1. So which residues in segment 136-189 are under 21 Å from Ala226 (Cα atoms) and either outside the structural domain of Gly220 (by TED's automatic domain parsing) or hydroxyl-bearing (Ser, Thr, Tyr) (or both), if there are any at all?
2. Run Arg250 past the list (1) touching a Lys or Arg at 6+ places or on another chain (Cβ under 8 Å); (2) within 18 Å of Ile92 (Cβ to Cβ); (3) not polar (S, T, N, Q) and report the number of the one that doesn't hold.
3. Specify which of the listed residues (Ala208, Ala187) is touching a helix residue (DSSP H, G or I) at 6+ places or on another chain (Cβ under 8 Å), crowded, with 21+ Cβ neighbours inside 10 Å and not hydroxyl-bearing (Ser, Thr, Tyr).
4. For the list (1) farther than 30 Å from Leu71 by Cα; (2) modelled with pLDDT of 95 or more; (3) among the β-branched types (Val, Ile, Thr), I need the number of the one condition that Val223 fails.
5. Which of the numbered conditions does Ser330 fail, given that it passes all the others? Conditions: (1) in contact with a strand residue (DSSP E or B) (Cβ under 8 Å, 6 or more places away or on another chain); (2) in contact (Cβ under 8 Å) with a residue 60 or more places away in the chain; (3) not assigned by TED's automatic domain parsing to the domain that holds Leu116.
6. Tell me which of these Ser290 doesn't satisfy, since it passes every other one: (1) modelled with pLDDT of 95 or more; (2) among the polar types (S, T, N, Q); (3) touching an Asp or Glu at 6+ places or on another chain (Cβ under 6 Å).
7. If you go through segment 239-273, how many residues are among the hydrophobic types (A, V, I, L, M, F, W, C), crowded, with 16+ Cβ neighbours inside 10 Å and closer than 15 Å to Glu197 by Cβ?
8. Name the single residue, out of those in segment 104-137 being in contact with a Phe, Trp or Tyr (Cβ under 6 Å, 6 or more places away or on another chain) and part of a helix (DSSP H, G or I), that is surrounded by the fewest Cβ atoms within 10 Å (Cβ to Cβ).
Amino acid sequence: MANKFLYILLSVLTVLGCSPDYSIVTGKTETIIKTETVVETETITEEVEVPVYIEVEVPVYIDTGFDDPGLVWVDSFTQPRTVDGIDILWVIDTSGSMGRFDAQLMAGIGTMLGALPPTSWRLAMISNDPSRAVLESQFPLVPGDDVLDAESMYSAMSRGGREEGFDAVYEYMITNPYSSTWMRSDAGLLVVFVSDEEEQSDDHFIDAVDFISWYRSMRGGSVFIASIVNHDATESLCDYPPSPIDVGTRYMDVTNAFAGNIIDICNEDWSAGVADAAASIEPHESWKLSHGAIADSVRVFINGTVVEPGITTWSYSEFDNTVYFNTIPSGGQLVEIGYRYYPTSDTGI
């Protein structure tokens with residue numbers, strides 16, 4: 001880029017004679033009264049250097065001593081707040097047609113009770129009828145309770161005929177004062193929807209997108225969803241495929257938005273899916289890397305600050321290409337694991 005020149009025009013007034021040929025009248029407004037004046041002008045050109053900034057893209061990498069440093073990759077996750085416990089809501093369709101699934105329901109809840117960690121969880125059941133959920137006041141199941149306790153809660157649960165699972169969650173968590181006596185703002189949250197009909201909320205959440213946005217804002221984003229619903233006739237395990245209006249599309253949409261587990265309600269055994277849902281809420285004690293890492297290149301950052309490996313921090317195992325946290329990151333912390341890898345020899349472990 002060529003230098004720019006700044007041209008300055010200077011006017012030089014030459015006064016002829018010994019006595020002043022002008023006078024200045026002071027006051028609110030300055031006035032110059034000129035008489036005979038000869039004005040000579042001179043133009044001076046002065047070159048001024050103007051700084052020029054050129055934006056260039058420069059590849060930056062740390063010199064590792066290798067001729068080929070490989071490619072750089074960063075795996076990342078936000079530690080679920082389930083480190084501080086997990087609150088669980090089973091939102092159950094209480095219409096008459098659901099009676100045929102009572103055995104699977106109790107077996108599924110029993111499986112979850114067995115799969116949950118030994119401490120820091122609480123579980124309650126509510127109807128998917130908002131008018132009943134807003135009145136529910138049963139004390140939640142806690143560590144030490146078993147499937148018999150779950151059966152007692154289910155038997156005592158308020159029942160209604162409305163199929164509005166999204167609104168039921170809102171009414172219980174936001175409107176029902178009892179929920180605040182046991183639900184914790186610093187714990188993770190898992191909602192399990194169970195219904196043999198489509199979700200039909202029309203008050204707080206007109207569509208699935210509205211519920212997704214609201215639910216994602218809860219618990220600092222440490223939220224999870226599972227659903228046990230009717231699948232499309234082409235995939236359903238039911239002896240008699242469900243009508244299209246009974247397929248739980250809205251439930252499945254929100255579950256997929258949170259990478260949750262979806263179980264066919266006509267599956268005779270819900271245990272595997274429920275166990276997976278319970279496992280998905282566990283805090284990360286380790287992280288398997290996406291690519292086969294070059295061992296000495298692995299770096300761990302927590303909330304943007306590098307953490308050195310050590311017996312009280314973390315270690316990397318080449319055997320299974322996994323970073324193990326000797327001190328588990330706290331709930332809500334952003335964990336980033338950067339490393340180099342060679343794509344040609346990447347095992348995809």
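The values are calculated or read from the model by the stated rules, or taken from the named source; none is laboratory data. Model, not experiment: these values are computed from the prediction. FYI the Cβ positions are ideal-geometry reconstructions off the backbone, even for glycines, and counts take in every protein chain you see.
1. Answer for segment 136-189, where residues must be under 21 Å from Ala226 (Cα atoms) and either outside the structural domain of Gly220 (by TED's automatic domain parsing) or hydroxyl-bearing (Ser, Thr, Tyr) (or both): Tyr154, Tyr170, Tyr172, Ser179, Ser185.
2. It is condition (1) that Arg250 fails.
3. Ala187
4. (2)
5. Of (1) in contact with a strand residue (DSSP E or B) (Cβ under 8 Å, 6 or more places away or on another chain); (2) in contact (Cβ under 8 Å) with a residue 60 or more places away in the chain; (3) not assigned by TED's automatic domain parsing to the domain that holds Leu116, only one is false for Ser330: (1).
6. (1) is the only condition that Ser290 fails.
7. The total comes to 4.
8. Gln104
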